[in-house]
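Trainee: If you scroll down you'll find the structure; I have some questions about it.
The values are calculated or read from the model by the stated rules, or taken from the named source; none is laboratory data. Computed from a predicted model, the values in this text were never measured in an experiment. Ideal geometry is used to build each Cβ from the backbone, glycine not excepted, and the neighbour counts take in all protein chains shown. Only protein heavy atoms, including side chains, enter the accessible area calculation; ligands, DNA and RNA are left aside. Shrake-Rupley method; radii C 1.70, N 1.55, O 1.52, S 1.80 Å.
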Amino acid sequence: MVVTMLWLHGLFVGGLMSAILSFIEKMTNFYEENSNEGNEFFMGMSPFFTERVFDSLNELMGYVQNKAFSLGYVIVRRRSKKNENGVVSYVTLICDRGGEYKIKATSKNSGTKKINCPFKLVGSYIKQFDGWTLRVKCDQHNHPPAQHMEGHAYARRLKENEKKLVADLTSQNVEPRNILSILKEHDENNVSILKTIYNAQYKLRSSQNDGKTPMQVLMGILNDKKFVIEFSVNNISNELENLFFIHPLSLDIWQAFPHVLIIDATYKTNKYAMPFVEIVGVTSTNKTFSIAFAFIINEKEESYKWVLTCLRLTLEKCMQPRVIVTDRELALVNACKQVFPYATRLLCRWHITENIRKHCKTLIPSKVVWKSFRAMWSILVDSPTWTSYTENYRKLQSMLREHEDVLQYLDDVWLNKYKEMFVSVWMDQHLNFGQRTSSRVEGQHSTLKKYLQEKNYSLAKFVGAIDRFVKSQLTAINESFEKSMIVSKHEHKFSCFDLLRGNVSLKALDMLVEELQRVHQVDSSNCGCKLQNSCGLPCACMLSAYLNSGECIPLESIDVFWRKLKISPSIPMENEDICGDGKFEMFKETYNKQPKAVKKSMMRKLLDIFQPSKTHIREPAIQKNTRGRPSLKKQKQKQTDSINQAPRRCSFSTMPKFVELNNREPARHSSYITTIPDLNEIPDLKEEPDLNEIPDLNEEPDLNEIPDLKEEPQSCYNHRLIDEIQVMFHPYITHIQDVEGDGNCGFRAISVCLGYGENDWLYVRRQLLDELLSSYDAYARVFTDGIGELYTSLDFLESPAPKRYWLLMPETGILIANRFGVVLTFLTNQGSLTFFPLWKGPEEFLYHRVITISLVYGNHYVMVQLEGDCPLPTISAFWIRHKAPCAAGWETMFMSRLELYRQLKPYNPETPFITIEDC
């Protein structure tokens with residue numbers, strides 16, 4: 001019994017000791033584990049300790065961040081875990097200086113703020129509470145609190161409401177520094193910096209673009225906002241060249257006030273350096289509104305004509321403009337004349353005055369004389385009658401007796417050519433509603449640039465600014481309409497205005513008040529009726545009659561322009577058929593007949609129309625020189641080599657490796673003239689002449705004199721080949737040169753035309769083959785199925801040449817014009833052709849040389865020299881169908897000579913009619 005008790009006692013004591021040792025071991029392990037995690041057992045007094053159950057993870061994060069910020073620390077999320085449903089249920093939070101920096105191979109000059117800070121919190125989702133709890137693992141830091149939170153990237157992050165505010169302010173073109181100021185005004189604890197705003201804007205743009213190209217973003221915006229758009233692209237590079245667009249609100253306002261167009265171009269509005277054309281109008285309340293906008297590739301006549309044609313195509317029949325006001329941009333003036341021939345064209349008086357000041361002020365050194373001259377010029381411009389104009393002009397002549405160069409400038413540049421477009425006696429014979437300058441459009445340029453605030457905007461961002469710009473215009477216009485209907489000015493309290501107040505604009509009443517001051521100074525014999533003719537309002541003699549009779553001015557005596565005080569909704573024209581079923585069927589039939597390559601092209605263009613946000617159009621090229629023809633000095637500096645230049649924007653690197661070409665240019669004959677003055681050049685009147693580069697005008701060079709290198713000169717009328725050339729050219733032929741007939745005669749004739757010897761035909765062959773191969777894809781679209789035959793005809797470098805390697809016309813004519821930068825005329829008795837460079841305009845060549853070859857006996861080519869302004873044959877169909885927009889100037893330059901050929905060409909009823917499609 002005693003033994004049993006002792007055994008039990010020993011067992012109890014041993015078990016107790018074992019239990020105690022086990023407990024001590026567990027507690028030791030517990031403390032050891034928590035010694036690395038901040039000793040959580042004693043964290044009840046930590047500032048982050050809480051028994052609160054948070055409704056969401058965001059609420060928990062907000063609690064932690066606010067507490068940490070108040071202590072001078074920044075807490076970030078290190079890692080998180082998701083449950084079986086993919087929802088985050090566990091997060092680990094650490095100090096932003098926690099962890100260790102992993103060194104990466106990089107060229108950036110980088111650093112780190114991580115110093116392995118031990119601070120750690122744990123957030124857990126508790127299902128039974130349906131909320132989040134926070135546990136403190138370690139609340140100790142191994143660094144002092146931050147002095148400036150602006151140095152911590154996480155602390156600078158924007159809240160969701162702040163991100164939305166940044167997006168709204170960015171859309172209103174508020175500058176980033178101002179956005180930052182607004183954020184800090186809303187929240188005094190905000191520690192964001194300017195870089196934070198830039199990053200937020202970058203993310204905003206990226207989310208909006210969503211992987212789209214700049215052109216897809218642009219076209220998507222234009223389509224979403226219901227703009228009326230037209231565009232043109234480069235046929236070779238598919239780059240955007242011209243873009244025309246009208247805001248839907250602008251279209252509504254324009255339909256109410258279509259009477260006046262004021263047009264001008266400006267610069268430094270977009271990152272592509274494209275000129276920006278703005279067309280504005282004016283309302284009855286004297287408010288300016290934007291009608292249309294356009295980005296163009298250059299300021300040349302063809303570009304302006306394209307813009308105005310797009311504008312005309314949007315017009316209703318009753319919306320033809322009465323007056324167009326521009327500055328003296330000759331390309332724009334000529335384009336207006338062609339597109340709107342029945343509109344009165346006026347020149348901006350302010351621009352004229354500025355041009356006169358720049359040109360003449362240095363010629364009149366006396367300040368007194370200059371001041372008197374300016375005053376006399378203003379009187380001359382404001383001359384109300386022909387008699388007064390003649391008298392004022394005599395006074396101006398008398399004043400400028402000692403400054404004849406100034407008077408000659410005024411006569412030659414302004415009065416002789418354009419006085420009908422800016423002098424009152426002619427200007428006020430047409431309804432212009434008081435618009436005599438282009439200052440309105442200049443003011444719109446300035447206002448729009450304030451919306452933009454910088455000059456390197458993308459086109460998409462530019463369109464967004466225009467949307468807000470036009471909406472602000474509509475607000476101002478509606479306000480002015482309402483004021484005209486409800487406000488009665490004290491100076492309008494004339495009894496004769498009783499029928500007008502509230503029914504016409506305040507601007508019209510102001511003009512009538514000014515005209516009333518002339519009532520006692522004039523009568524019907526000397527009134528001039530200026531206000532009636534130019535503005536459609538009763539003039540002084542008419543107002544005198546109303547005052548004497550005591551009658552009110554009838555509303556019908558006021559032009560409808562001044563009576564319109566609202567913007568009526570667009571009403572379609574009667575019997576206007578806008579159903580496209582027939583055209584769609586026609587398109588389908590045409591599409592089904594095309595080869596595969598053409599079908600792809602047509603489908604791509606169709607997708608550009610009804611899926612603009614997926615367009616394949618490329619960004620415009622950055623423009624370098626958009627303002628007309630360069631000066632002679634700049635042309636010499638450029639040193640254009642038209643012989644060896646390939647099409648700048650039309651070339652493709654498709655040359656096979658096995659082709660080896662000797663491109664060394666042979667010496668030209670000493671008679672070949674390389675300094676041919678350009679007789680077709682229209683001087684840029686805006687540029688000051690270089691007095692050091694004035695040519696000898698008494699010496700007239702013979703541009704077409706190339707001596708016969710092979711045979712003695714003889715009378716062309718007695719030449720044995722003269723009968724093989726069309727009779728109309730006989731009076732212009734000064735020389736015919738035959739070449740060796742070895743199958744390479746066509747290339748020999750071209751070589752002679754270019755100033756080389758006929759034995760340099762191999763160089764010509766190689767140049768043409770190089771031209772074809774260097775832009776093979778581009779030429780494949782021009783010649784389609786015939787490009788294989790063309791390549792074969794050029795790829796032969798021996799003599800004699802079999803028939804399949806002869807000069808292939810008319811295809812090779814395009815290559816010759818493109819490669820050597822010349823105008824080629826090809827004469828045959830069956831029908832002659834002219835070839836211009838396909839992808840470059842005349843302004844890109846220093847000289848404009850015309851060369852001629854003729855096919856005789858049906859199988860032999862010769863060189864022909866034509867003199868003077870000889871007729872130019874019909875333009876090749878290849879050029880007409882495939883020319884780049886910039887090349888259209890060739891036809892304009894030689895229009896008179898092309899027309900002469902049409903007049904001289906005999907009618908042959910047996911000749912079949914050939915259309916472009918047949919060529």
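Trainee: Confirm whether Glu404 is open to solvent by 30 Å² or more (accessible area, probe 1.4 Å) and without any contact (Cβ under 8 Å) to a residue 60 or more places away in the chain.
Mentor: Taking the combined requirement at face value, the residue satisfies it.
Trainee: Residues in segment 127-138: is at least one hydrophobic (A, V, I, L, M, F, W, C), part of a loop (DSSP other than H, G, I, E, B) and farther than 16 Å from Leu60 by Cα?
Mentor: Within segment 127-138, not a single residue is hydrophobic (A, V, I, L, M, F, W, C), part of a loop (DSSP other than H, G, I, E, B) and farther than 16 Å from Leu60 by Cα.
Trainee: In this structure, is Ser284 touching a Lys or Arg at 6+ places or on another chain (Cβ under 9 Å), buried (at least 23 other Cβ atoms within 10 Å of the Cβ) and over 23 Å from Tyr418 (Cα atoms)?
Mentor: Criteria met by Ser284.
Trainee: Now for a separate question. Of the residues Phe836, Phe783, Phe845, only one is over 30 Å from Met602 (Cβ atoms), open to solvent by less than 20 Å² (accessible area, probe 1.4 Å) and either within 35 Å of the chain's Cα centre (by Cα) or not polar (S, T, N, Q) (or both); which?
Mentor: Sole residue among the options that is over 30 Å from Met602 (Cβ atoms), open to solvent by less than 20 Å² (accessible area, probe 1.4 Å) and either within 35 Å of the chain's Cα centre (by Cα) or not polar (S, T, N, Q) (or both): Phe845.
Trainee: Then there is this: Mind checking whether some residue in segment 247-254 is part of a helix (DSSP H, G or I), farther than 30 Å from Thr213 by Cα and hydrophobic (A, V, I, L, M, F, W, C)?
Mentor: Yes, that holds for at least one residue.
Trainee: Can you say whether Thr874 is over 29 Å from the mean Cα position of the chain (by Cα) and either open to solvent by 50 Å² or more (accessible area, probe 1.4 Å) or on the phi < 0 side of the Ramachandran plot (or both), as far as the supplied structure shows?
Mentor: So Thr874 fits the description; yes.
Trainee: With (1) part of a loop (DSSP other than H, G, I, E, B); (2) open to solvent by less than 30 Å² (accessible area, probe 1.4 Å) as the list, and Ile279 as the residue in question, which single condition is left unmet?
Mentor: Of the numbered conditions (1) part of a loop (DSSP other than H, G, I, E, B); (2) open to solvent by less than 30 Å² (accessible area, probe 1.4 Å), the odd one out for Ile279 is (1).
Trainee: Which of the residues spanning segment 788-833 are surrounded by fewer than 16 Cβ atoms within 10 Å (Cβ to Cβ) and in a helix (DSSP H, G or I)?
Mentor: If the condition is that a residue be surrounded by fewer than 16 Cβ atoms within 10 Å (Cβ to Cβ) and in a helix (DSSP H, G or I), then Gly788, Glu789, Thr792, Lys803, Arg804 are the ones that fit.
Trainee: Cβ-Cβ under 8 Å, sequence separation 6+ or interchain: first residue in segment 223-240 and of a type in the set (Phe, Trp, Tyr), partner open to solvent by less than 30 Å² (accessible area, probe 1.4 Å) and at pLDDT below 85. Which pairs?
Mentor: Going by the 8 Å Cβ cut-off, the qualifying pairs are Phe227/Val463; Phe231/Ile617.
Trainee: Quick check, is Met427 of a type in the set (A, V, I, L, M) and surrounded by 19 or more Cβ atoms within 10 Å (Cβ to Cβ)?
Mentor: For Met427, the condition - of a type in the set (A, V, I, L, M) and surrounded by 19 or more Cβ atoms within 10 Å (Cβ to Cβ) - is met.
Trainee: Related question: Of everything in segment 524-536 that's open to solvent by 40 Å² or more (accessible area, probe 1.4 Å) and outside any helix (DSSP H, G or I), which residue is modelled with the highest pLDDT?
Mentor: Only one residue tops the list, namely Cys529.
Trainee: Which residues, taken from segment 188-231, are modelled with pLDDT under 85 and either on the phi > 0 side of the Ramachandran plot or part of a strand (DSSP E or B) (or both)?
Mentor: Asp210, Gly211
Trainee: What about Val513, is it of a type outside the set (Lys, Arg), without any contact (Cβ under 8 Å) to a residue 60 or more places away in the chain and in contact with a Ser or Thr (Cβ under 6 Å, 6 or more places away or on another chain)?
Mentor: For Val513, the condition - of a type outside the set (Lys, Arg), without any contact (Cβ under 8 Å) to a residue 60 or more places away in the chain and in contact with a Ser or Thr (Cβ under 6 Å, 6 or more places away or on another chain) - is not met.
Trainee: Sticking with this one: From the residues in segment 766-785 that are small (Gly, Ala, Ser) and in a helix (DSSP H, G or I), which one is farthest from Gln594 (Cα to Cα)?
Mentor: Among those that are small (Gly, Ala, Ser) and in a helix (DSSP H, G or I), it is Ser774.
Yes/no matrix, rows are residues, columns are (1) small (Gly, Ala, Ser); (2) farther than 16 Å from Arg563 by Cβ; (3) touching a residue at least 40 places away in the same chain (Cβ under 8 Å); (4) not in a helix (DSSP H, G or I):
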site	(1), (2), (3), (4)
Lys449	no, yes, yes, no
Tyr457	no, yes, yes, yes
Arg468	no, yes, yes, no
Gln473	no, yes, yes, no
Glu479	no, yes, no, no
Cys496	no, yes, yes, no
Leu499	no, no, yes, yes
Asn503	no, no, yes, yes
Lys507	no, no, yes, no
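Trainee: Among (1) of a type in the set (Lys, Arg); (2) closer than 30 Å to Cys527 by Cα; (3) open to solvent by 70 Å² or more (accessible area, probe 1.4 Å), which single condition is Lys367 missing?
Mentor: Result: Lys367 passes all but (2).
Trainee: Would you point out which residue out of Leu448, Leu380 is within 26 Å of Asn286 (Cβ to Cβ) and among the hydrophobic types (A, V, I, L, M, F, W, C)?
Mentor: Testing whether each residue is within 26 Å of Asn286 (Cβ to Cβ) and among the hydrophobic types (A, V, I, L, M, F, W, C) leaves just Leu448.
Trainee: Go through segment 851-871 and give me each residue that's open to solvent by 10 Å² or more (accessible area, probe 1.4 Å), closer than 16 Å to Met893 by Cα and in contact with a Lys or Arg (Cβ under 9 Å, 6 or more places away or on another chain).
Mentor: Listed by number, the list holds a single entry, Asp869.
Trainee: Separate question: Can you tell me how many residues in segment 153-171 are more than 25 Å from Leu71 (Cα to Cα) and without any contact (Cβ under 8 Å) to a residue 24 or more places away in the chain?
Mentor: Total meeting the criteria: 4.
Trainee: With respect to the numbered conditions (1) at pLDDT 85 or above; (2) outside any helix (DSSP H, G or I), which one is the sole condition not fulfilled by Phe561?
Mentor: Unmet for Phe561, out of (1) at pLDDT 85 or above; (2) outside any helix (DSSP H, G or I): (2).
Trainee: In the list Thr133, Thr196, which residue meets the criterion of being of a type in the set (Ser, Thr, Tyr), surrounded by 17 or more Cβ atoms within 10 Å (Cβ to Cβ) and over 30 Å from Met274 (Cβ atoms)?
Mentor: The match here is Thr196.
Trainee: Turning to a different aspect of this structure: Kindly indicate the residue of segment 718-749 that is of a type in the set (D, E, K, R) and closer than 26 Å to Ser793 by Cβ and also most open to solvent (accessible area, probe 1.4 Å) among those meeting that condition.
Mentor: Glu740
Trainee: From the set of residues in segment 287-319 that are over 25 Å from Glu619 (Cβ atoms), open to solvent by 10 Å² or more (accessible area, probe 1.4 Å) and not charged (D, E, K, R), which is modelled with the highest pLDDT?
Mentor: Out of the qualifying residues, it is Thr288.
Trainee: Take the conditions open to solvent by 40 Å² or more (accessible area, probe 1.4 Å) and under 21 Å from the mean Cα position of the chain (by Cα) and apply them to Ala273. Does it pass?
Mentor: Considered against the rule, which asks whether it is open to solvent by 40 Å² or more (accessible area, probe 1.4 Å) and under 21 Å from the mean Cα position of the chain (by Cα), Ala273 comes out as yes.
Trainee: Still on this model: Determine which single condition Ser484 fails, assuming it passes every other condition in (1) modelled with pLDDT of 90 or more; (2) of a type in the set (Ser, Thr, Tyr); (3) open to solvent by 10 Å² or more (accessible area, probe 1.4 Å).
Mentor: Among (1) modelled with pLDDT of 90 or more; (2) of a type in the set (Ser, Thr, Tyr); (3) open to solvent by 10 Å² or more (accessible area, probe 1.4 Å), the lone unmet condition for Ser484 is (3).
Trainee: Would you confirm whether or not segment 351-360 contains a residue that is aliphatic (A, V, I, L, M) and in contact (Cβ under 8 Å) with a residue 40 or more places away in the chain?
Mentor: yes
Trainee: Give me a count of the residues in segment 509-523 that are part of a loop (DSSP other than H, G, I, E, B) and open to solvent by 20 Å² or more (accessible area, probe 1.4 Å).
Mentor: Qualifying residue count, segment 509-523: 6.
Trainee: Return the pair list, or none, for Cβ contacts closer than 7 Å from residues in segment 172-192 that are free of Cβ contacts under 8 Å to residues at least 24 places away in the same chain to residues that are loosely packed, with under 13 Cβ neighbours inside 10 Å and in a helix (DSSP H, G or I), at least 6 apart or on different chains.
Mentor: Arg177/Leu194; Leu180/Leu194
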